[in-house]
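Down below is the structure, laid out as structure tokens.
The values are calculated or read from the model by the stated rules, or taken from the named source; none is laboratory data. Keep in mind it's a predicted model, so treat the numbers as computed, not measured. Virtual Cβ from ideal backbone geometry, glycine too; neighbours counted across all protein chains shown. These area figures cover heavy atoms from the full protein model, side chains too; ligands, DNA and RNA do not enter into them. Shrake-Rupley method; radii C 1.70, N 1.55, O 1.52, S 1.80 Å.
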Amino acid sequence: MNVIRFIRLHVNSWSIMSIIFTLLILSPALSIFFQIFEKPNENWAHIQEFLLKNYIQNTLMIVFFTGLFSILIGVSLAWFVTAYRFPLRRFFKWGLILPLAIPPYIGAYTYHGIVNYTGVLQSTLRNEFNITANPAYFDIMNIPGAIFIFTIFLYPYVYIITRAYLEQQSASLIENARLLGSGPLELFFRVIMPISRTAIIGGASLVILEVLNDYGVVSYFGIQVITTAIFQAWFGMSDVASAIKLAGMLMAIVFLILFLEKVLRGRKQYSYSNAKVRPLEPISLSREKTILLFGYVMFIFTAGFLIPFVQLFQWMMMTYEKVVSPDFLQLIFNSVYVSLISAFIIMIIALVIGNFIRLSDSPWSKAVSRVTVLGYSIPGAVIAIGVLTFFLWLDRHLNTVYTALGIDAPIILSLGLGMLIFAYVSRFLAIGFNPVDAGFDKIGRSFTEASRLLGTSLMRTFFKVDLPMIRGAVFGGFTLVFIEVMKELPLTLLLQPFNFYTLSTKAFQYANDEAVHEAALASMLIILISGLSIFVFHAVLEKEKK
Amino acid sequence: MIMQLHDVTFSYRNTKEKTIQHLSMEMEKGEILTILGQSGSGKSTVLRLIAGLEVPEAGMITINGSTMFDQKTFVQPENRGVGMVFQDYALFPHMTVAGNIKFGLKKMKRAEHDERLASVIELVGLKGFEKRYPHELSGGQQQRVALARAMAPNPSIILFDEPFSNLDADLQIKIRDELRTILKKAGITSIFVTHDQADARAIADRVILMENGHILKTGTPDLILC
Ligand SMILES: Nc1ncnc2c1ncn2[C@@H]1O[C@H](COP(=O)(O)OP(=O)(O)O)[C@@H](O)[C@H]1O
Ligand SMILES: [Mg+2]
């Protein structure tokens, strides 16, 4: 193709900015990629020989069982809520999503606080019933305990997607199976599970990516996995090279999971058929079965939300007078401050890239959109290591510049808040981008074209026409990013500047310092804000889809 | 000659066959031209090329004596002085009727905006509807707003892509005749794209018959449509 023609067609301020943003977003991953093959040091030889196998085994074991149990719980709940009548069904339809509002690391120290020696469970047994049970029975700080925590707080991903899928299935499919004599169990395993396959895999891979991202639960429980190894290499031994290699390994596992998801899902995307099908009507069961069903649903809701929520509430009431202080207000301010800035930057980048992809037929636009959403799959610790090494590299090179210019008070980028925010942007861009992309998709191109034919430039059109038309999506994306940043733990722990804490890192620090009760207020705030995120997601974005 | 396409060739990305092949046509000032052809024959694409929404691979386009496209030039759509009425009207939902119509008046002086608004509103018969939002109007009214919006900046030429396809049959005939009257009264050069022979007969001074991206024949409606 003629070069001048190509430039004229594809090079404008939007495409240039998009490419620059994309390269910036990619830089942490690239930074890791380029350094992963560097010559290993002694420490790495030690890790590789004695520890690595254990890290990988533990990681895969937790991933596998959490995935399995999340599928069983998520799909069964989705099916029960869709197909059967039972008391409070309408409430549970939404209520069963609520465990998602409790970040697993908060769930972990709350549950530990409940079942440990001084916790409400054992002390009640001791004081009221005079039973002193073997404390080993109550130890959840192990791999099964971690699997329990992850499952009970993350199953909603599977539940939400599967329920949405089942709701759109035609009633006749299920009725036919019933008429052909399938009992409920057979119906569930032979019909419901297979037809929901794509939805289940989609939900399960979200669960698994969250598990791989986690640092809080495993480190609190003292389980050795790849993420905790990254932290040890970095903080414990200042061994950058090994941290990079471990991060590369974790990234490889993530890509494997993403690849498996693609393969298992097959060519079928979620088929949201437009045909007017008769929706599935829930049916009534016998009294005994209804009680059983209700018991099961109630149990999951209680374990995943009610128990930790009530316990945190009680701890909060116990300690808030002590905890609330100027320092605590500073904490809130810090969290809000970094969240607002990150959300703001992310939405600007999302709008630029979204608009570029929409208006461009160029071969790069697909690649750009892939890269944009990639960050969210990459664990926070990996991004943090990538960003750190990238900034250290920048600092080294800037240092030469400073020396040459004779500046003696250089700005060291890798010590500042900018690095943390850069990492947030890289990790959470997808969350802001997806609603913007959907919004642009919905309005199409004809409004933009109409505006240009009325003599308005591309840039002016963006502000006068495109932006006002997708402001709902922009607002939704902004809120979701804001909340994700508020909750974030592993990346923040690695990159927060000296003496800078957020609500989540402070809560985690309290818990690690055996001050679980003091962590309650910060935890409660995070949970309330996360709950809001669920509301925004469903209220604003569902509306946007229609 | 107000507009000329000379030997224009174009294909969409990812398509092997040429969507438009060696197409040439010209128009006189004030003429109403209809492009008739089956779905997929490339009619909309011709309009998009004239408007500058797609870039030809080869050929030349001139409007009002200045070159819009050749090997060295490409004039952006906002600088072409071409108006367009879209199939789905594309009225900005966040602006009132008045806001939509005034949107293209940036080159006029502020003081003239209201005057121009009043005169096109009058022309399309929508007096009293200025403050409404597009979703508060009927299909026929929306179309007239789209026409008024396209006319307001005084373009050299207005393009209509299947303008009647969203209207029910009764309205279609009424609006068709009205539209011809309005366009003739204002002396506006225009191209209509349609796949309906009756439309073409009722509105056109001249008809171009298209097939597979090239012109089959051209002439007066009586000559072409028998
Ligand atoms: N954006 C596009 N990308 C690729 N092919 C397109 C695009 N728009 C139209 N086409 C193809 O170009 C041909 C002409 O389309 P079009 O000009 O819309 O025809 P008409 O308006 O006469 O129905 C058709 O074969 C159509 O499938
Ligand atoms: Mg068409």
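First check a/c for region A:404-471, with a ≥ b ≥ c the square roots of the eigenvalues of its C-alpha gyration tensor; if it is under 1.5, answer rounded, and if not, answer prolate when a/b is larger than b/c or oblate otherwise. Display every interim value, and only then the final one.
Numbers: a/c = 5.33, a/b = 2.05, b/c = 2.60.
Oblate, because a/c is 1.5 or more while a/b does not exceed b/c.
B:Gln87 to B:His6: extension gain in nm, 0.36 nm per residue of separation minus the Cα-Cα distance? List each step's numbers first, then the result.
Working: separation 81, 0.36 × 81 = 29.16 nm, distance 2.61 nm.
This chain segment gains 26.5 nm when fully extended.
Determine, from the Cβ-Cβ distance of B:Leu223 and A:Met459 and an R0 of 45 Å, the FRET efficiency 1/(1 + (r/R0)^6), rounded to the nearest 0.05.
On the way: r = 47 Å, r/R0 = 1.04.
Efficiency computed from Cβ-Cβ geometry: 0.45.
Please name which of A:Gly476, A:Tyr165, B:Ile158 has its Cα lying farthest along the dipole of the protein assembly as shown towards the positive end, using unit charges on Cβ (Lys, Arg +1; Asp, Glu -1) and the Cα centre as origin.
B:Ile158
Put +1 on the Cβ of each Lys and Arg and -1 on the Cβ of each Asp and Glu in chain A; which of A:Leu264, A:Leu23, A:Phe328 then has its Cα farthest toward the positive end of the dipole?
Projecting each Cα onto the dipole axis, the largest value belongs to A:Leu264.
Would you mind calculating the gained length between A:Glu38 and A:Tyr296 on full extension (0.36 nm times residue separation, minus the Cα-Cα distance), in nm to one decimal? Intermediate values should be presented prior to the final figure.
Numbers: separation 258, 0.36 × 258 = 92.88 nm, distance 5.25 nm.
Additional length available on full extension: 87.6 nm.
What whole-number value in Å² describes the accessible area per residue of the protein assembly as shown for a 1.4 Å probe?
Values: 35940 Å² over 772 residues.
Computed with neighbouring chains in place, this is 47 Å² per residue.
Shape call for region A:324-546 from the C-alpha gyration tensor, a ≥ b ≥ c root eigenvalues: rounded (a/c under 1.5), prolate (a/b greater than b/c) or oblate? It would help to have the intermediate numbers written out before the result.
On the way: a/c = 2.37, a/b = 1.34, b/c = 1.77.
Oblate shape, in that a/c is at least 1.5 and b/c is the bigger or equal ratio.
Calculate the FRET efficiency for B:Lys29 and A:Val336 from the Cβ-Cβ distance with a Förster distance of 51 Å, rounded to the nearest 0.05. Before the final figure, lay out the partial values.
Values: r = 62 Å, r/R0 = 1.22.
According to the calculation, E is roughly 0.25.
Between region A:152-178 and region A:216-241, how many Å separate their Cα centres?
What the calculation gives is 38 Å, centre to centre.
Calculate the spin-label point distance for A:Asn130 paired with B:Gln21, positioning each point 7 Å from the Cα along the beta-carbon direction, and give it in nanometres.
Going by the 7 Å Cα→Cβ label model, 10.1 nm.
At 7 Å along the Cα-to-beta-carbon direction for both B:Lys72 and A:Ser446, put a label point, then send me their distance in nm to one decimal.
3.8
Given 0.36 nm per residue, what is the gain on full extension from A:Leu260 to A:Met17 after removing their alpha carbon distance, in nm? All intermediate terms of the calculation are to be shown ahead of the outcome.
Details: separation 243, 0.36 × 243 = 87.48 nm, distance 3.31 nm.
Gain on stretching A:Leu260 to A:Met17: 84.2 nm.
Using a 1.4 angstrom probe on the protein heavy atoms only, could you order A:Thr403, B:Thr96, A:Thr456 from most to least accessible area? Could you put the intermediate results ahead of the total?
Values: A:Thr403 100, B:Thr96 35, A:Thr456 0 Å².
Heavy-atom accessible area, descending, gives A:Thr403, B:Thr96, A:Thr456.
Can you put B:Arg116, A:Arg197 in order of accessible area, largest first, using a 1.4 Å probe?
On the way: B:Arg116 50, A:Arg197 115 Å².
So, going from the largest accessible area down, we get A:Arg197, B:Arg116.
Taking square-rooted eigenvalues a ≥ b ≥ c of the alpha carbon gyration tensor, is region A:51-321 rounded, prolate or oblate, where a/c under 1.5 means rounded and, failing that, a/b exceeding b/c means prolate?
Working: a/c = 2.42, a/b = 1.28, b/c = 1.89.
Taking the square roots of the gyration eigenvalues as a ≥ b ≥ c, region A:51-321 is oblate.
Name the long-range amide H neighbours of B:Ile208: under 5 Å, sequence gap of 5 or more, or other chain; modelled H, no Pro or chain starts.
It is B:Thr34, B:Ile35, B:Leu36, by chain and number.
Using a Förster distance of 30 Å, how high is the FRET efficiency between A:Leu173 and A:Leu88, based on the Cβ-Cβ distance and rounded to 0.05? The partial results should precede the final answer.
Numbers: r = 27 Å, r/R0 = 0.90.
Efficiency, rounded to the nearest 0.05: 0.65.
How far apart, in nm, are two points set 7 Å out from the Cα along the Cα-to-Cβ line at B:Glu211 and at B:Lys185?
4.0
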